Amino acid sequence: MTLHDDQTEAPHAVLERLIRAWNDHDIDAFVGCFADDYRSDQPVHPARSFEGNDQVRANWSEIFESMPDFVAELLSFAEQGERLWGEWRWTGTQQDGNPFEWRGVTLFGIREGQIAWARLYMEPVEREGADITETVRGMAEGSSPA
C-alpha cells in the first residue's frame with residue numbers, strides 16, 4: 001500500500017486495488033473499492049446514472065459471471081489531489097462469442113480510501129463506420145454519420 005505523509009491511502013493505491021479486484025473477478029474486493037453512497041454518472045448517457053455500491057455489485061456480478069475472460073487494462077492515469085483520471089481498455093468475450101472491447105476515460109473522486117463518485121466516458125470500440133471526413137461533415141451538417 002502506498003501512503004501519504006498523513007498515513008492515509010494514496011488515491012492511486014485505490015486504483016491499484018480496483019484493478020486487482022477487477023481482473024481477479026473478486027466482487028467483494030471490487031465493491032469494497034466503492035463508498036456506500038457512491039455516485040456514478042455517464043454524462044453522454046445520463047439515463048445510466050445511479051447511486052450506491054449495491055448497483056455496482058449488481059452490474060459487475062453480471063459482467064463477471066457472463067464474461068469470465070473480462071480484463072480491465074489501465075493504459076494511463078493522472079492523479080491530482082483526491083481525483084484520478086484513467087484511460088482504459090476493457091476486453092473479453094461476450095456470451096454469444098463476440099469480442100467485447102470498450103475504450104475510454106474515467107474520472108474518480110476518492111474519499112477515505114474509496115471511490116466516492118465517478119464520471120465514465122466508456123464506449124464500445126467501432127472498427128468500421130464513418131471515417132474522420134464523414135464524421136466532421138456530419139457534425140457540420142447536423143446529421144449523424146453512418
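Each value in this text was obtained by applying a stated rule to the coordinates, not by laboratory testing. Bear in mind the structure is a predicted one, so any value in this text is a computation, not a measurement. Cβ placement follows ideal geometry from the backbone for every residue including glycine, while neighbour counts extend to all protein chains displayed.
Brief remarks follow.
- Taking 7 Å steps out from each Cα toward its Cβ at residue 85 and residue 122 produces label points 1.9 nm apart.
- Acute angle (nearest 10 degrees) that the helix 11-24 long axis makes with the longest principal axis of the chain, alpha-carbon atoms: 70
- Stretch gain in nm, segment residue 111-residue 94, where the contour uses 0.36 nm per residue and the Cα spacing is subtracted: 2.8 nm
- Potential lengthening between residue 132 and residue 58 on full extension [0.36 nm per residue; Cα-Cα distance subtracted]: 22.9 nm
- Computed from the Cβ-Cβ distance with R0 of 22 Å, the FRET efficiency linking residue 75 to residue 28 stands at 0.25.
- Candidate values [x] 17.9; [y] 14.9; [z] 16.7, label of the one derived for Kirkwood radius over Cα pairs in Å: [z]
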